[in-house]
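The values are calculated or read from the model by the stated rules, or taken from the named source; none is laboratory data. Since the model is a prediction, treat every value here as computed from it, not as a measurement. Note that each Cβ is placed from the backbone with ideal geometry, even for glycine, and that neighbours are counted across all protein chains shown. Only protein heavy atoms, including side chains, enter the accessible area calculation; ligands, DNA and RNA are left aside. Shrake-Rupley method; radii C 1.70, N 1.55, O 1.52, S 1.80 Å.
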Amino acid sequence: MAVSQIAYDETSAESIAAYAKQLEGKTLRTVCEIDNLADSHVRKGAFGNAVEELFFHYDINSKSAPDFEEAGTELKTTPIKKRKGGGYSAKERLVISMINYMKVVDETWETSSLQKKLHKILLIAYLYDKELNPVDYLIKLVELWGIPPEDVPTFKKDWDIVVSKIRAGHAHELSGSDTLYLEAATKASSAKDRRKQPFSSELAKPRAWAIKPSYMTATLNHMLDAQRIERHRGEDNLDLLNLVKKRFEPYIGLTELELADVCGYDFRGKRKPKNLCALITRSILGVQEGSKIAEFEKAGIKPKTLRLKCDGVPKESLSFPAFDYCILADTSFAESDFYEQLHQKYLFVIFRERKSERGMYRLAEVLFWQMPDRDLLEARRCYEEMQRRVRSGHADRSVKSTENRCCHVRPHGRNKQDVLPTPHGSFETKKCFWINARYIGEEIDRVKRELFASTSQALEERIERRNVSGHIIRVAELFAGVGGFRLGLEGYENKEHPEFAMPSAGPFVTVWANQWEPPGSPVKQFAARCYEARFGYGSVVNEDVHLVLDEYEAGKIDIPDVDMVVGGFPCQDYSVAKPLSQSNGIEGKKGVLWWDIYRFLQLKNRPRFVLLENVDRLLKSPVGQRGRDFAIILSCFASLGYAVEWRVINGADYGFPQKRRRVYIFAERTDEVWNLEERLSDGVMADAFPAEVVGGVNRLTLLSDPYENSERFGAGAKKSPFMRAGVMQSGVVATAEISPRYDGDMKVLGDLLVSDQEVPDDFYVEDEKLDKWRYFKGGKSEPRTNKKTGYTYTYSEGAMAFPDPVDAPARTILTSEGGGSASRSKHIVQAGDGRYRRLVPDELDQLQGFPKGWTDTGMSDVRRAFCMGNALIVGIPHRIGEAIAKRL
């Protein structure tokens, strides 16, 4: 049948696809009745051009708009080849359109011409045969196709990575290894062809947007034997890497054996299977054993365990299958299995050895890696050198790791008798190519440096934006948790997470942060990993702050200069071991975090501002010396030249949806002499949280040295002199009781409850367990016996509301809020259908003023609750920050 005129509706994708279906199972020669194409093997794209001109009858063009513009449909032809084991694979990447370096930097993913083209593609796949003229290629598939919704986040992420490099002036460094599904593929008429880029004088290779062959192979085979990673509520916009990281998060800190146990694989006393990493990965990602992981098939990803020693070098090199000496001798690098293997993308499941646990490797992180294009030349040298040796009769001489930066060759047989023939008739032990362990370690470091560079660049951009007013406050966040102080002061702006957007309180930029959960095991560092997930790789130092300051003092690391120090620290024993006058100054108890704050202030030349949070009992502890601990803190501030304001703030008094009473301490290094009584009413705290002074203002003078306060302050006193508000300068204190003054909006627990549809079943309390909940919540007066002493006493406590009222602020969230067991301290509310349930983590996030889902980084619900129990109400430092900013 000869096709001589347009027989389809150019405005209808369905009409175009129906017309194109007549190609399926045929060749262009039979459908269009045409002869051979001239220079078909020299001119790439001859088949595609013939389809456009001879079948669809439209002129070939390079417009950014889709080929069938009125129908919003792009036409793409792609060659496929038969696999040895059955099925088909894409012969090459699917090129979509050229990248215009000068224009793409002004686009967003949503407005990009690429996104429009990927929305709807008429895909024509033909069976490639180099012996045939293109008009005789058998057309196997004609299908109207577009990237499925679950893959859009990863395509968007890939697009962002490429465009970010161009915007940074690094178009000349683009590589297919940067991305997963989409790539910036080299597309030039000659190897010397170069293009201008907008933010660098360096010329770059011409590149085109292309879908990777692995993705097209998976698509063409319709993923019949693959299973997608199940996405939970709120995960639709996660790209593949962050989805995988989230799934692995709960298992960070486990050994490989512990991880295998968790996943249901017990290999004690047995030989560990070679595919254990793949088995564990499938289990963690929720994919059935024996099934392929659909997303990994599309991206050509292979899971691989890496064990990194303390020095960061993998314990083992990365091996490939043994090569055939005769095939090696006759095959060019570009056509070799090794070349194809080097284009493999890996999911590195990384276990790290710690200095404190030599020989023990614990899960530390996961990352995707592929050999960068720039290193393929070095790998090629290894291949061609081994090829030369085999050809010259020296197959016994392997290329050593000392001879090549990236790769080497060594035996890979079962034993010495496991051999293969060489081209010269001799037999040689099986060998394979290996990627050098040290090179892999260097590559992991490079990936991390690039991630850190991205975080650093974002920080510099924030500093530049905040510096417009001429003022900027650089902040160090100690005991950072999941970033409450940072959110409150700096706000949040991240184009990848618009749902977390929060306003800043002023020109605040956090330039350094520390978070460490004792005793320091990786399992316990989930808050630091959440912080890093939200603010970028390297945004927090996850190490004991005491050791960090030791290293800084020794000159081993750097901590940037800051204008402000913030942090929430626990109420501990602040007693002082020796006076200020002794040679090394004040010395407090080891492990008491206040002394790390004090030391930080000293080492960083007394930053101008300090803002701290603590439980309100700090003002009256300890029992034997009422007010001693707070007197020590105030006298330490005085010794460093700070004036101080403090205030006990209950969030519910100022419109926040939680009754949470905490003391906030604001310190400023200033030469201004304060009127202490007036400062109670017109200071920073009074601006942020207005209140009326109740009764008189009490004055007192601290003892001159923190040590003296530790020894003598409050001795024998039944009541602390420090009241809910106060100021201090030069050791003189004015303090008073206050009554909050607020007439704004009042939020309640019910304002932040999620819909019943968003509540998992396991958060609902079973009917048979309600009596236990009622018992814990109810009033009691009952005899109890001390198990150790046998002493019997009467235990009494008042009744609590059951369920918690949703028309009032919530009670204080504690670290024990998580978990399904009945508890007096946990909240319980009644759902719309009358059932009772616990609060879900998204509600806890919002009750503390964090965006919904802030701690949803993959950690367990119990850990999310723990983080919120340790957190502060984000809106409180925000209001204090606004008051500070007004006075700049």
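Condition (residue is touching a Pro at 6+ places or on another chain (Cβ under 9 Å) and under 20 Å from residue 436 (Cβ atoms)) applied to the stretch 287-295: is it met by at least one residue? No, the stretch 287-295 contains no residue that is touching a Pro at 6+ places or on another chain (Cβ under 9 Å) and under 20 Å from residue 436 (Cβ atoms). Comparison of 316, 256 shows that the only residue that is modelled with pLDDT under 95, crowded, with 17+ Cβ neighbours inside 10 Å and within 23 Å of residue 358 (Cα to Cα) is 256. Scanning the stretch 1-49 for residues that are open to solvent by 40 Å² or more (accessible area, probe 1.4 Å), modelled with pLDDT under 80 and among the β-branched types (Val, Ile, Thr) returns 6, 42. Restricting 491, 470 to those that are more than 20 Å from the chain's Cα centre (by Cα) and on the phi > 0 side of the Ramachandran plot reduces the list to 470. Could you tell me which residue of the stretch 617-638 is most open to solvent (accessible area, probe 1.4 Å), considering only residues that are of a type in the set (A, V, I, L, M) and in a helix (DSSP H, G or I)? By that ranking, first place goes to 638. Close contacts from the stretch 533-561, counting a first residue that is under 19 Å from residue 592 (Cα atoms) and a second that is loosely packed, with under 14 Cβ neighbours inside 10 Å and among the aliphatic types (A, V, I, L, M), with Cβ to Cβ under 6 Å and a gap of 6+ residues or different chains, come to 551/557. Return a yes/no flag: does the stretch 489-511 have any residue that is in contact (Cβ under 8 Å) with a residue 40 or more places away in the chain, closer than 27 Å to residue 565 by Cα, assigned to a helix (DSSP H, G or I) and open to solvent by less than 40 Å² (accessible area, probe 1.4 Å). Yes, the stretch 489-511 contains at least one residue that is in contact (Cβ under 8 Å) with a residue 40 or more places away in the chain, closer than 27 Å to residue 565 by Cα, assigned to a helix (DSSP H, G or I) and open to solvent by less than 40 Å² (accessible area, probe 1.4 Å).
So residue 443 clears everything in (1) closer than 28 Å to residue 597 by Cβ; (2) at pLDDT 95 or above; (3) buried (at least 17 other Cβ atoms within 10 Å of the Cβ) except one condition, right? Which one? If we test residue 443 against (1) closer than 28 Å to residue 597 by Cβ; (2) at pLDDT 95 or above; (3) buried (at least 17 other Cβ atoms within 10 Å of the Cβ), just (1) comes out false. Taking residues in the stretch 382-410 that are surrounded by fewer than 18 Cβ atoms within 10 Å (Cβ to Cβ), and partners anywhere that are among the aromatic types (Phe, Trp, Tyr) and modelled with pLDDT of 95 or more, the pairs with Cβ atoms closer than 7 Å and at least 6 places apart or on different chains are 384/333; 405/439; 410/434. Here 722, 656 are screened, and the one residue that is part of a loop (DSSP other than H, G, I, E, B), under 15 Å from residue 880 (Cα atoms) and either open to solvent by 10 Å² or more (accessible area, probe 1.4 Å) or in contact with a Lys or Arg (Cβ under 7 Å, 6 or more places away or on another chain) (or both) is 656.
Looking across 402, 331, one residue alone is more than 30 Å from residue 311 (Cα to Cα) and of a type in the set (Val, Ile, Thr). It is 331. Among the residues making up the stretch 70-104, those that are of a type in the set (Val, Ile, Thr), open to solvent by less than 20 Å² (accessible area, probe 1.4 Å) and more than 19 Å from residue 12 (Cα to Cα) are 78, 80, 96, 99, 104. Whether any residue in the stretch 416-432 is within 20 Å of residue 538 (Cα to Cα), out of contact with any Lys or Arg (no Cβ under 8 Å at 6 or more places or on another chain), crowded, with 17+ Cβ neighbours inside 10 Å and among the β-branched types (Val, Ile, Thr) is what I want to check. Checked against the condition, which is being within 20 Å of residue 538 (Cα to Cα), out of contact with any Lys or Arg (no Cβ under 8 Å at 6 or more places or on another chain), crowded, with 17+ Cβ neighbours inside 10 Å and among the β-branched types (Val, Ile, Thr), the stretch 416-432 yields no hits at all.
Picking from residues in the stretch 221-245 that are more than 30 Å from residue 103 (Cα to Cα) and open to solvent by less than 20 Å² (accessible area, probe 1.4 Å), the one that is modelled with the lowest pLDDT is 235.
Checking the stated criteria, residue 692 turns out to be assigned to a strand (DSSP E or B), surrounded by fewer than 16 Cβ atoms within 10 Å (Cβ to Cβ), over 43 Å from the mean Cα position of the chain (by Cα) and not β-branched (Val, Ile, Thr). I'd like to check which strands (runs of 3 or more DSSP E) are fully inside the stretch 734-853 and have at least 2 residues that are surrounded by fewer than 15 Cβ atoms within 10 Å (Cβ to Cβ). Qualifying strands (runs of 3 or more DSSP E): 780-785, 792-797. Only one of the numbered conditions (1) on the phi < 0 side of the Ramachandran plot; (2) outside any helix (DSSP H, G or I); (3) touching a strand residue (DSSP E or B) at 6+ places or on another chain (Cβ under 9 Å) is not met by residue 358, and that is (3). Please determine whether any residue of the stretch 607-616 is closer than 26 Å to residue 517 by Cβ, open to solvent by less than 10 Å² (accessible area, probe 1.4 Å), in a helix (DSSP H, G or I) and in contact with a Phe, Trp or Tyr (Cβ under 9 Å, 6 or more places away or on another chain). No - not one qualifying residue is present in the stretch 607-616.
Could you tell me whether any residue of the stretch 514-533 is among the hydroxyl-bearing types (Ser, Thr, Tyr) and open to solvent by less than 10 Å² (accessible area, probe 1.4 Å)? Checked the stretch 514-533: at least one residue is among the hydroxyl-bearing types (Ser, Thr, Tyr) and open to solvent by less than 10 Å² (accessible area, probe 1.4 Å). One residue stands out among those in the stretch 463-490 that are modelled with pLDDT under 95 and not aliphatic (A, V, I, L, M): the one that is nearest to residue 507 (Cα to Cα), which is 466. If you check residue 279 against the conditions, is it crowded, with 19+ Cβ neighbours inside 10 Å and among the aliphatic types (A, V, I, L, M)? So residue 279 does not fit the description; no. One residue stands out among those in the stretch 601-630 that are more than 22 Å from residue 880 (Cα to Cα) and modelled with pLDDT of 95 or more: the one that is nearest to the chain's Cα centre (by Cα), which is 604.
If you go through the stretch 793-833 and pick out every residue that is in contact (Cβ under 8 Å) with a residue 12 or more places away in the chain and of a type in the set (Phe, Trp, Tyr), you end up with 2. Across the stretch 669-689, the number of residues qualifying as in contact with a strand residue (DSSP E or B) (Cβ under 7 Å, 6 or more places away or on another chain), farther than 17 Å from residue 736 by Cβ and either free of Cβ contacts under 8 Å to residues at least 24 places away in the same chain or buried (at least 22 other Cβ atoms within 10 Å of the Cβ) (or both) comes to 0.
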